[in-house]
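These notes are about the structure you will find just below.
The values are calculated or read from the model by the stated rules, or taken from the named source; none is laboratory data. Owing to the predicted nature of the structure, the values given are computational and were not obtained by experimental measurement. Cβ sites come from the backbone with ideal geometry, for glycine too, and all protein chains shown count toward neighbours. Side chains are part of the model used for accessible areas, which takes the heavy atoms of the whole protein and leaves out ligands, DNA and RNA. Shrake-Rupley method; radii C 1.70, N 1.55, O 1.52, S 1.80 Å.
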Amino acid sequence: MSIFRFPLLVWMGIGTLIISLGIRQSFGIFMMPVSHHFDTGREFFSLAIALQNLLFGVFQPFVGMAADRWGARRVIWVGAVAYGLGLYLTSIAIEPSWLYLTLGTLVGLGLSSTSYVIVLGAVARVVPPQHTAKAFGLTTAAGSFGMFAVIPGAQALLNQFDWQATLQIFAMLCTLMLAFSYFMCTDSKKDAESSSAEAQPEQTLREALKEAFRHKGYWLIHMGFFVCGFHVMFIATHLPSYLADKGLPGSTAAMALAYVGIFNIFGTYFWGLVGDKFNKRYVMSSLYLIRTVVIAAFVVFPVTVETAAFFGGAIGFCWLGTVPLTSGLVRQIFGARYLSTLYGLVFFTHQVGSFLGAWFGGRIYDYYGSYEPIWWTTVVMAFLAALIHLPVDDRPVPRLAAAN
């Protein structure tokens, strides 16, 4: 299937992810201006972002269940409202503690309702199984394009205005997700079942959860995605400050994160294509081995404008390639019917990793005055994640095998 023949729902999902994840990935460049405004250490902002990511994950299984029951359109609508409100209230906060409610809780709910789990769950119901990883890769790459487009724009807005006005502009962008949600129509159980090409036996949500929780591979997938979350949010949140500590200008961080975004556009689609052609667990292990080498090289070599750009491009190529592979594995093993719920639970584990990556980065820096210990921790974790995926049993569960 050509990407140009994907249903309209896929393209509306792409538009939603561009805005939702593009804004999210820009939060790292707000760390220093927000910390200076409230006269706090970096741990304060790190903890607010960490709370956002933890709640992003905590809400995920519940919004996934809501999407499986009532459809993606309603969930995205609620999420867009929460997202925009959280950004606006952050911009007018007069006490730093407000950010735990606004930037942490409300934006966390908004992200949970407008990102991968909801959009990929809807896409899974309108795309044939043999093209799942490709469609997931294309859709996931949209978030990377948002990162590429939004981060330089955010930096330009910060240079022109201030961080409060920038967040208010972002809040207005959230209204576009309301428009896109109108086309995300998979509102009934009948639609969810009939739109999938898989002939699946009837199954309740409780039965689906029992089936998944008894599957060893499901828990290994959780562990691997935990590492991904730790990596992504530590780098997105702390790379700008790390580069500033090395004496590099703020434009270097914006450039490096933009390179992460643009290379991830190609990388995510590439990993999705490879996941359609080869065993996804081996592809996943290869991705984490590449991460291991890239992060280790960045820590070992001198930090310059050139090495920061190279790191952004290299880590970007394998930045979110885990998403189409992980979600593809969950669908391959358990089917599409409850993908939003089952992948939502996996994504919760990812966000626990994100919480720890964002928070520990600030905590360790404030304690040691250096990011070096946490960088080497990410190297070890990447190597362990490569090993974790090898024993995953990726065969369809007996229920699906019998149906086919």
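Data table
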quantity	calculated
Linear extension gain, Tyr368 paired with Phe266, 0.36 nm per residue minus alpha-carbon span	33.0 nm
Region 251-404 - convex hull of alpha carbons, volume per residue in Å³	120 Å³
Residues in region 13-44 reached by a label modelled at Ala156 [backbone nitrogen below 17 Å; 7 Å Cα→Cβ]	19, 22-23, 26
Calculated FRET efficiency for the pair Ser97/Phe301, C-beta based, R₀ 60 Å, to 0.05	0.90
Angle between the chain longest axis and helix 280-300 axis [Cα atoms, degrees, rounded to 10]	10 degrees
Added length on full extension, which subtracts the Cα-Cα distance from 0.36 nm per residue, Tyr282 to Arg206	24.3 nm
Cα centroid separation - region 10-70 against region 357-404, whole Å	20 Å
Global geometry of region 21-127, whether rounded, prolate or oblate, following the gyration tensor of its Cα atoms and the 1.5 cut on a/c	prolate
Solvent-accessible surface (1.4 angstrom probe) belonging to Tyr368, in square angstrom, nearest 10	140 Å²
